[in-house]
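A quick write-up on the structure given underneath.
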Amino acid sequence: MTSRYRLIGLTGTNGAGKGEAAAFLKDKGYAYFSLSDEIREELSRRGLEPSRDNMIREGNDLRTRFGADILARRVMARIEGKAVIDSIRNSQEVAFLRGHEAFILLAVDAPVEMRFERVLKRGRVESALTIGEFKAKEREEMQSDSRGQQLQECLRLADRNVMNDGTVEEFHRKLEAIL
């Protein structure tokens, strides 16, 4: 398969399947980079647990100190060739990446109940143990100031939206159709 896209950005709601989309693209020859991994590295250097709350707080702090596109700039400095860039959560990250050749932003979503179940199964340190807490945390991530998470704006800016509400095979077919 040959794609006209050299850089594929992934944004989307928590537990929607961005990781599965990234794994699919890696199998298609794309190198993998994650803006969240940049935050995890910062937390590790500081001896902090990569909990969802710490990730949000550290990401917002980095954007405040170094500019809202800092995570995208750090990742792009390491990219050569085709790449998938996961965990885009700020409109300035999108703007920076749009300045590069053959970029497309994909938004991945799924019904909230399905996403909550997926998050419980993956076993990461989350700050939401109930569906109500999960929805409240998501509302917090949806809208923020220019230095924070702006997930709702990133979803709006997406070139293509992919609903991941079926089987993995169905999801892969949807991704293949976009490429």
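The values are calculated or read from the model by the stated rules, or taken from the named source; none is laboratory data. The structure presented is a predicted model; accordingly, all values stated were derived computationally and were not measured. Neighbour counts are summed over all protein chains in view; Cβ atoms, including those assigned to glycine, are modelled from backbone coordinates with ideal geometry.
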Next item on the list: Answer yes if at least one residue in region 61-70 is assigned to a helix (DSSP H, G or I) and either within 12 Å of the chain's Cα centre (by Cα) or of a type in the set (Asp, Glu) (or both), and no otherwise.
Entry: yes
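Return the residues of region 47-57 that are modelled with pLDDT under 95 and either in a helix (DSSP H, G or I) or over 25 Å from Glu133 (Cα atoms) (or both); say none if nothing qualifies. Even if it seems obvious, please write down each step before you answer.
Taking region 47-57 and keeping what is modelled with pLDDT under 95, we get 49-57.
Residues satisfying the conditions are Arg52, Asp53, Asn54, Met55, Ile56, Arg57.
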Notebook entry, point to check: Any idea which residue in region 141-161 is modelled with the lowest pLDDT, counting only those that are among the aliphatic types (A, V, I, L, M), over 18 Å from Glu113 (Cβ atoms) and not in a loop (DSSP other than H, G, I, E, B)?
Noted result: Leu151
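Given the criteria modelled with pLDDT under 95 and among the polar types (S, T, N, Q), does Ser34 qualify? Step through it out loud before you land on a result.
Numbers: modelled with pLDDT under 95: no; among the polar types (S, T, N, Q): yes.
Judged against the criteria, Ser34 is not a match.
Looking at Lys121, Lys137, which one is among the charged types (D, E, K, R), within 16 Å of the chain's Cα centre (by Cα) and part of a helix (DSSP H, G or I)? Walk me through how you get there before you give the answer.
Details: Lys121 fails: within 16 Å of the chain's Cα centre (by Cα).
Only one candidate qualifies: Lys137.
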Notebook entry, point to check: When you look at Glu138, is it of a type outside the set (A, V, I, L, M), modelled with pLDDT under 90 and surrounded by 15 or more Cβ atoms within 10 Å (Cβ to Cβ), yes or no?
Noted result: yes
Item checked: First in region 28-48 and free of Cβ contacts under 8 Å to residues at least 12 places away in the same chain, second anywhere and surrounded by 18 or more Cβ atoms within 10 Å (Cβ to Cβ), Cβ under 7 Å, 6 or more apart -> Leu48/Asn54
